[in-house]
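Taking it in order: structure first as structure tokens, then the write-up.
The values are calculated or read from the model by the stated rules, or taken from the named source; none is laboratory data. In this text the structure is predicted, and so the values were computed from the model without any measurement. Glycine also receives a Cβ, built like all others from the backbone with ideal geometry; neighbour counts cover every protein chain displayed. Just so you know, the surface numbers come from the protein's heavy atoms only, side chains and all, with ligands and any DNA or RNA stripped out. Shrake-Rupley method; radii C 1.70, N 1.55, O 1.52, S 1.80 Å.
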Amino acid sequence: IATFVGFLALCVSGYTAYIQRQQVRGAVWPILEFDSSNGPIRFTLANKGVGPAIIRNVIVKVDDQPVKNWADVLEKILGPGYHPGETSDMTGRVFSPGESMNVFTPHDDAQNPIAFDKSNPLWAKLNTGRARVTVEICYCSTLGECWTLRAGKLMPGTTTETRRCPTPSAISFQQ
């Protein structure tokens, strides 16, 4: 009977450890959201979860073709030339819970964000073009659990759990 009681105590302690792990997991779960807006035109990344998000790999695409940086995004949307804007790096960052950041805001020739104005041809082209941009962002929690966010094309993003994030490659976004 002593062996049975010892085995039962082992099972209870194992179950308790499992429950505690689930509670800790819930307490550090990051949830990233990628969005774009049109007044002014901008792309935003936010952590809506309760734990930090460690960004491991980012892929940005325009028309399903990978691009290296925001200048390439604008070139595909607006054509060749100089297109000013304000950028913030996503790759390699740690996003705190509740943190939100404008990762890209295109500017006009006067270096001002492009405000909502349907009569402005630059605003109209960027507003239509932002629907062509998609992202895949692989990120992890502090416990090493990882997810991939797929978002863009003016649709809500989807997040799927993944074993681990891929290492940055030739198609990875550089900003």
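Out of the residues in region 147-156 meeting the condition of being crowded, with 19+ Cβ neighbours inside 10 Å and not aliphatic (A, V, I, L, M), tell me which one is farthest from H107 (Cα to Cα). Ranking the candidates gives W147 first.
Say whether the condition of being assigned to a loop (DSSP other than H, G, I, E, B), in contact (Cβ under 8 Å) with a residue 60 or more places away in the chain and more than 13 Å from F43 (Cβ to Cβ) is met by at least one residue in region 91-102. Within region 91-102, one or more residues are assigned to a loop (DSSP other than H, G, I, E, B), in contact (Cβ under 8 Å) with a residue 60 or more places away in the chain and more than 13 Å from F43 (Cβ to Cβ). Among the residues of region 17-30, is any open to solvent by 60 Å² or more (accessible area, probe 1.4 Å), hydroxyl-bearing (S, T, Y) and at pLDDT below 90? Yes: region 17-30 contains one or more residues that are open to solvent by 60 Å² or more (accessible area, probe 1.4 Å), hydroxyl-bearing (S, T, Y) and at pLDDT below 90.
Screening L74 with (1) at pLDDT 95 or above; (2) open to solvent by 50 Å² or more (accessible area, probe 1.4 Å) gives one miss only, at (2). Of the listed requirements (1) out of contact with any His (no Cβ under 9 Å at 6 or more places or on another chain); (2) assigned to a loop (DSSP other than H, G, I, E, B), D72 misses just one: (2).
For region 109-132, the condition of being outside any loop (DSSP other than H, G, I, E, B), of a type in the set (V, I, T), out of contact with any strand residue (DSSP E or B) (no Cβ under 6 Å at 6 or more places or on another chain) and open to solvent by 60 Å² or more (accessible area, probe 1.4 Å) holds for at least one residue. Any chance region 51-70 includes a residue that's open to solvent by 50 Å² or more (accessible area, probe 1.4 Å), more than 10 Å from the chain's Cα centre (by Cα) and aromatic (F, W, Y)? Within region 51-70, none of the residues are open to solvent by 50 Å² or more (accessible area, probe 1.4 Å), more than 10 Å from the chain's Cα centre (by Cα) and aromatic (F, W, Y).
Of everything listed in (1) open to solvent by less than 60 Å² (accessible area, probe 1.4 Å); (2) out of contact with any helix residue (DSSP H, G or I) (no Cβ under 7 Å at 6 or more places or on another chain), the single unmet condition for Q175 is (2). Apart from one condition, S37 fits all of (1) farther than 30 Å from T128 by Cα; (2) under 17 Å from the mean Cα position of the chain (by Cα); (3) at pLDDT below 95; (4) outside any loop (DSSP other than H, G, I, E, B); the exception is (1). Test L154 against the criterion of being of a type in the set (A, V, I, L, M, F, W, C), touching a helix residue (DSSP H, G or I) at 6+ places or on another chain (Cβ under 7 Å) and at pLDDT 95 or above, and give yes or no. Against the criterion (of a type in the set (A, V, I, L, M, F, W, C), touching a helix residue (DSSP H, G or I) at 6+ places or on another chain (Cβ under 7 Å) and at pLDDT 95 or above), L154 does not qualify. Within the option set T160, T167, T105, being open to solvent by 60 Å² or more (accessible area, probe 1.4 Å), modelled with pLDDT of 95 or more and of a type outside the set (D, E, K, R) holds for one residue only, T160. For A46, the conditions (1) surrounded by 20 or more Cβ atoms within 10 Å (Cβ to Cβ); (2) modelled with pLDDT of 95 or more; (3) of a type outside the set (D, E, K, R) are fulfilled apart from (1).
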